[in-house]
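Peer 1: My questions all concern the structure below.
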Amino acid sequence: FDINRRWYATSINLPNGEILIVGGKAQDKTYIAIPEVWSATNGFRALVDAEIPAIAGSTRKHWWYPHVYVSSRGAIFMIMPHGSNADIYHLEVEGEGTIKKIGETPFKTHVLDPSIMYRPDKVLFLDQNGRLWTFDMSGNPLVFRKNKKIGQSRTNGFFSLLPDGRVAITGGCNTTANLGNELSGANYSIQIWNPDTDKVFDGGNQQNPRLYHSTSLTLPDGTVVSAGGGAPGPVRNLNGQLYRPDYLFNENNEEAVRPVITRCPKNISTNQVFTIRVGSASQVERITASKSGASSHARNCDARWVELDFEVLDKVKIRVTVKNENVMIPGLWTINTLDKNGIPSKGCLLGVNTAKLEI
């Protein structure tokens, strides 16, 4: 098997620090059904016994950014991105790999509809009818749940994980025509979904359409950047906007006083504890961690959000417990403290099981 350069493939970090690459299209326009794993020690390794049936035996666009997620047990699940009743697979990456079909999706999606892991073992999807679905991969059988309808579909839209565990929904288009790159169908609204209540509220509107080739990501200071979109036409946005969520304001719509992290390590390891210093430990109600991942083409399969256990040591010191490597996948994470009103601190960047960070 010749290692391929891939266009429109999905890549995620694995618990052992390797990188899994699935799907995509080769330079000669053929679809790539063989997954690969990259390690810093051995380079690329083809999983020749784990050929993806939905890509190998179909003319549908399942090669385009498959949804791929790692569970808290270390199991890898792959959800095909196109149409109704799309295949779901369990993928093993040891040796030359194995793959097994374990189910189908109960809704219809386009290849440029978003997904994100908003809690350990739980993934959020948006279907072509504008309805949110959650996928729970913690048990057997796997469970899909029909959630809130948010009004319309958002092809090319994005999900971004907020420090308080809610999900910002930005950009996109209400049609799949021209890869969802139609100005007339652009969705300018920002919506915030609360997983705990399944409620959605309107967070205002963007000034510019965020269509094909757009991106969105939550920054360490708690704002959300929404940028690009529309290239190669009907627009070519070489710009971005910052959205300031409601937790940055008090009840008088004034800028909120935020808790403060004054000292934080740059690198931590899984299954261990670390200490942070804060302005006032008595203000801290919650500590959360978000992995930024890599955001492109309505997909951010490497992002995830977790709540961390902690112990107050004194007025300014807090000991935090790190989750295992299946939950806190190796990579760059942001740690936030939150007060009793849900106001987050500015985030602290941490390398989890990574090389030493110089930031």
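Peer 1: Only one of these conditions is not met by ALA50: (1) touching a Ser or Thr at 6+ places or on another chain (Cβ under 6 Å); (2) open to solvent by 70 Å² or more (accessible area, probe 1.4 Å). Which number is it?
Peer 2: Among (1) touching a Ser or Thr at 6+ places or on another chain (Cβ under 6 Å); (2) open to solvent by 70 Å² or more (accessible area, probe 1.4 Å), ALA50 violates only (2).
Peer 1: Output the residue which, of all residues in the range 180-212 that are over 21 Å from the mean Cα position of the chain (by Cα) and under 17 Å from GLN128 (Cβ atoms), is most open to solvent (accessible area, probe 1.4 Å).
Peer 2: Of everything passing the filter in the range 180-212, GLU182 is most open to solvent (accessible area, probe 1.4 Å).
Peer 1: Within the range 274-304, can you find the residues that are hydrophobic (A, V, I, L, M, F, W, C), in contact with a Phe, Trp or Tyr (Cβ under 9 Å, 6 or more places away or on another chain) and more than 30 Å from ASP314 (Cβ to Cβ)?
Peer 2: Matches in the range 274-304: ALA298, CYS301, ALA303.
Peer 1: Pull up the range 1-16, narrow it to residues that are out of contact with any Gly (no Cβ under 6 Å at 6 or more places or on another chain) and either of a type in the set (S, T, N, Q) or at pLDDT 95 or above (or both), then point me to the one that is most open to solvent (accessible area, probe 1.4 Å).
Peer 2: Looking at residues that are out of contact with any Gly (no Cβ under 6 Å at 6 or more places or on another chain) and either of a type in the set (S, T, N, Q) or at pLDDT 95 or above (or both), I get ASN16.
Peer 1: Quick check on my filter: what residues within the range 43-95 are in contact (Cβ under 8 Å) with a residue 24 or more places away in the chain and at positive phi?
Peer 2: TYR65, GLY74, GLY83, GLY95
Peer 1: Moving on. Taking the range 107-123 on its own, how many of its residues are in contact (Cβ under 8 Å) with a residue 40 or more places away in the chain and either of a type in the set (A, V, I, L, M, F, W, C) or open to solvent by 10 Å² or more (accessible area, probe 1.4 Å) (or both)?
Peer 2: Our first condition is that a residue be in contact (Cβ under 8 Å) with a residue 40 or more places away in the chain; within the range 107-123, this holds for 110-123.
Those still in the list that are either of a type in the set (A, V, I, L, M, F, W, C) or open to solvent by 10 Å² or more (accessible area, probe 1.4 Å) (or both) too: 110-112, 116-123.
The qualifying residues number 11.
Peer 1: May I pose another question? Tell me, yes or no, whether the range 54-67 has at least one residue that is touching an Asp or Glu at 6+ places or on another chain (Cβ under 6 Å) and either under 21 Å from ALA168 (Cβ atoms) or open to solvent by 20 Å² or more (accessible area, probe 1.4 Å) (or both).
Peer 2: no
Peer 1: Could I ask something else about it? If you take just the strands (runs of 3 or more DSSP E) that sit entirely in the range 184-259, which of them hold at least 1 residues that are in contact with a Gly (Cβ under 9 Å, 6 or more places away or on another chain) and not hydrophobic (A, V, I, L, M, F, W, C)?
Peer 2: In the range 184-259, 189-194, 214-218, 224-228, 240-243 are the strands (runs of 3 or more DSSP E) which contain 1 or more residues that are in contact with a Gly (Cβ under 9 Å, 6 or more places away or on another chain) and not hydrophobic (A, V, I, L, M, F, W, C).
Peer 1: So ILE287 passes all but one of these: (1) of a type outside the set (S, T, N, Q); (2) closer than 15 Å to GLY347 by Cα; (3) open to solvent by less than 40 Å² (accessible area, probe 1.4 Å); (4) touching a Lys or Arg at 6+ places or on another chain (Cβ under 9 Å). Which condition number does it fail?
Peer 2: Failing condition for ILE287: (4).
Peer 1: Kindly list, by first and then second residue, each pair from a residue in the range 150-175 that is more than 9 Å from ASN187 (Cβ to Cβ) and of a type in the set (Lys, Arg) to a residue that is part of a strand (DSSP E or B) and at pLDDT 95 or above, limited to pairs with Cβ atoms under 7 Å and residues at least 6 apart or on different chains.
Peer 2: From the range 150-175, the pairs are ARG166/ILE192; ARG166/TRP193; ARG166/ASN194.
The values are calculated or read from the model by the stated rules, or taken from the named source; none is laboratory data. Source: prediction; values computed, not measured. Using ideal geometry, Cβ is built from the backbone for each residue, glycine included, and neighbour counts are taken over all protein chains shown. Ligands, DNA and RNA are stripped out before the accessible areas are found, and what is left, the full protein with its side chains, is counted by its heavy atoms. Shrake-Rupley method; radii C 1.70, N 1.55, O 1.52, S 1.80 Å.
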